[in-house]
Amino acid sequence: MTETTGYSGGGFVHVKNPHLDSMEEDILYHLDLGTKTHNLPAMFGDIKFVCVGGSPNRMRAFAQFMRRELGLAGAGEELPDICAGSDRYAMYRAGPVLSISHGMGIPSISIMLHELIKLLHHAKCRDVTIIRIGTSGGLVWQQVTGVPSSGLASVSLCPGIEAGSVVITDTAVDSSFQPRFEQVVLGEVVVRSTELDKDLAEELLACSREIADFPTLIGHTMCTYDFYEGQGRLDGALCSFSSEKKLEYLRRAYDAGVRNIEMESTAFAALCGLCGLKAAVVCVALLDRLEGDQIRASHEVLWEYQQRPQRLIAAFIRQRLGLGPAGRSQH
């Protein structure tokens, strides 16, 4: 069975579950929120931007950064975790921006998204833009043509992505390079579209041109169920393939349009699209996967890399809100 994306009218967030209408109370267990215990429209009804990322610390830092970028009162103060009663996810607010952690992998982000989407629905939010901010492995081949001493032209493929580059996803694809998310429901495989909003991706790319100190590109993002074997790494506890097979697979991924690899984008794109949310995925590449598997950069370098998607999203939000460009700040 195949389910396709359909953006809904009116800008509302729509849940596709008729059973919710007959429930007296909806407990958002993993977020420690509920329709009877909390006034969700009062708490969240004016949210316009939702940013999600794997790490609770990173999403707290992003919320603090956004408070400074938006000039909000108390920008230097510690932010309360709205989900403090749960140890699963963390949620922070900065004006119209909600910042939430989702953990690692499809199961974790899927649970969070089900409850987040219901939260936005119950809060009667309108015209919400949702963006995943994350980290990834980069993947770019550059074609190099040379003329050796034999006089015959040769073509070789060489790794060429710069660590720290930011990739804006145009299409999320699975490990077979297909734009789909497969969910098993009652024993049946349901195939869902992983379409993302192309206009939003182009708007983000336009914003990136105002940030000159790191490269940004648009490309497909491959989503896997695993960090090691599923991404063709040679350094896991299990590995049944050669380095040549790994490189052949990554070359086929590149030929299919893949520019980076992570573990959440297909589920994110599918759930957001089905519920009428305009969504984007923006990830920094921590390394070039064609040069190695292990992340060897220093903590300081990785911290600066992880700020790059946050700076881009901050510029986008400021632009959407009609604010001028902000000076670069470290956070």
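The values are calculated or read from the model by the stated rules, or taken from the named source; none is laboratory data. Here the structure is a predicted model, which means the values were calculated and not measured. Please note: Cβ atoms are built from the backbone with ideal geometry, for glycine as well, and neighbour counts cover all protein chains shown. The protein model used for the area step is the full one, side chains on, heavy atoms only, and it has no ligands, DNA or RNA in it. Shrake-Rupley method; radii C 1.70, N 1.55, O 1.52, S 1.80 Å.
Compare the Cα positions of Ala163, Leu31, Ala75 along the charge dipole of the chain (+1 at Cβ of Lys, Arg; -1 at Cβ of Asp, Glu; about the Cα centre) and return the one farthest towards the positive end.
Ala75
Solvent-accessible area per residue for the stretch 182-269 at a 1.4 Å probe radius, Å²? Present the calculation step by step, with values, prior to reporting the outcome.
Details: 4380 Å² over 88 residues.
That works out to 50 Å² for each residue.
Run the accessible area of the chain with a 1.4 Å probe and give the carbon-and-sulfur part as a rounded percent.
Of all accessible area on the chain, carbon and sulfur atoms account for 52 percent.
As I understand it, the dipole of the stretch 9-319 uses +1 on the Cβ of Lys and Arg and -1 on the Cβ of Asp and Glu, about the Cα centre. Which of Asn17, Thr135, Ala280 lies farthest toward its positive end?
Going by the Cα projections, it comes out as Ala280.
So what's the angle, to the nearest 10 degrees on a 0 to 90 scale, between helix 243-255 and the longest Cα principal axis of the chain?
Once rounded, one gets 60 degrees.
Can you give the extra length, in nm with one decimal, that the chain gains between Ser176 and Ser240 once fully stretched, where that is 0.36 nm per residue apart less the Cα-Cα distance?
Extra length from Ser176 to Ser240 when fully extended: 21.2 nm.
Averaged per residue, what accessible surface does the stretch 60-137 expose to a 1.4 Å probe, in Å²? Walk me through the numbers before you get to the answer.
Values: 2880 Å² over 78 residues.
Result: 37 Å² of accessible area for each residue.
Round to the nearest 10 and report in Å² the accessible area of Arg192, as given by a 1.4 Å probe over the protein chains' heavy atoms.
For Arg192, the solvent-accessible surface is approximately 40 Å².
In degrees between 0 and 90, to the nearest 10, how far off the longest principal axis of the chain does helix 56-69 point, with axes built from Cα atoms?
For helix 56-69, the angle is close to 80 degrees.
Report the full-extension gain for the segment Glu202 to Ala73: residue separation times 0.36 nm, less the Cα-Cα distance, to one decimal in nm.
Once the chain is fully extended between Glu202 and Ala73, it gains 43.3 nm.
Accessible area of Ile133, 1.4 Å probe, to the nearest 10 Å²?
Using a 1.4 Å probe on the heavy atoms, I get roughly 0 Å².
Counting only pairs 8 or more residues apart or on different chains, how many lysine pairs in the stretch 9-319 have their Cα atoms under 28 Å apart?
Count of close lysine pairs: 18.
Counting only C-alpha contacts under 8 Å and six or more residues apart, can you give the relative contact order of the chain as a whole percent?
This gives 24 percent for the chain.
Roughly how many debye, to the nearest 20, is the charge dipole of the stretch 9-319 about its Cα centre, given +1 on each Lys and Arg Cβ, -1 on each Asp and Glu Cβ, and no other charges?
It comes to approximately 360 debye.
Taking the Cα centre as origin and putting +1 on Lys and Arg beta-carbons and -1 on Asp and Glu beta-carbons, what dipole magnitude results for the stretch 196-331, to the nearest 20 debye?
300
Against the longest principal axis of the chain, how steep is helix 198-208, in degrees 0 to 90 to the nearest 10, with axes from Cα atoms?
So the inclination is approximately 80 degrees.
Take Phe316, Phe177 and sort them by solvent-accessible surface of the protein heavy atoms, 1.4 Å probe, largest at the top.
Largest accessible area first, the list is Phe177, Phe316.
What relative contact order, as a whole-number percentage, does the stretch 159-201 give when Cα pairs under 8 Å and 6 or more residues apart are counted?
Details: 43 pairs, mean separation 15.3, N = 43.
Reported relative contact order: 36 percent.
Sort 41-47, 53-59 by the packing proxy (mean of other Cβ within 10 Å over each peptide's residues), most packed first.
With the highest mean Cβ count within 10 Å placed first, the list reads 53-59, 41-47.
With every protein chain kept in the model, how would you rank Phe49, Phe12 by accessible area, 1.4 Å probe, largest at the top? The partial results should precede the final answer.
Working: Phe49 15, Phe12 80 Å².
Result of the area sort, largest leading: Phe12, Phe49.
If I ignore ligands, DNA and RNA and count only protein heavy atoms, how much of Thr171 is accessible to a 1.4 Å probe, in Å² to the nearest 10?
For Thr171, the solvent-accessible surface is approximately 30 Å².
Which log10 I(q)/I(0) values does the chain give at q = 0.08 Å⁻¹ under the Debye formula, counting every alpha carbon as one identical point scatterer?
Listed by q, the Debye log ratios stand at -0.39.
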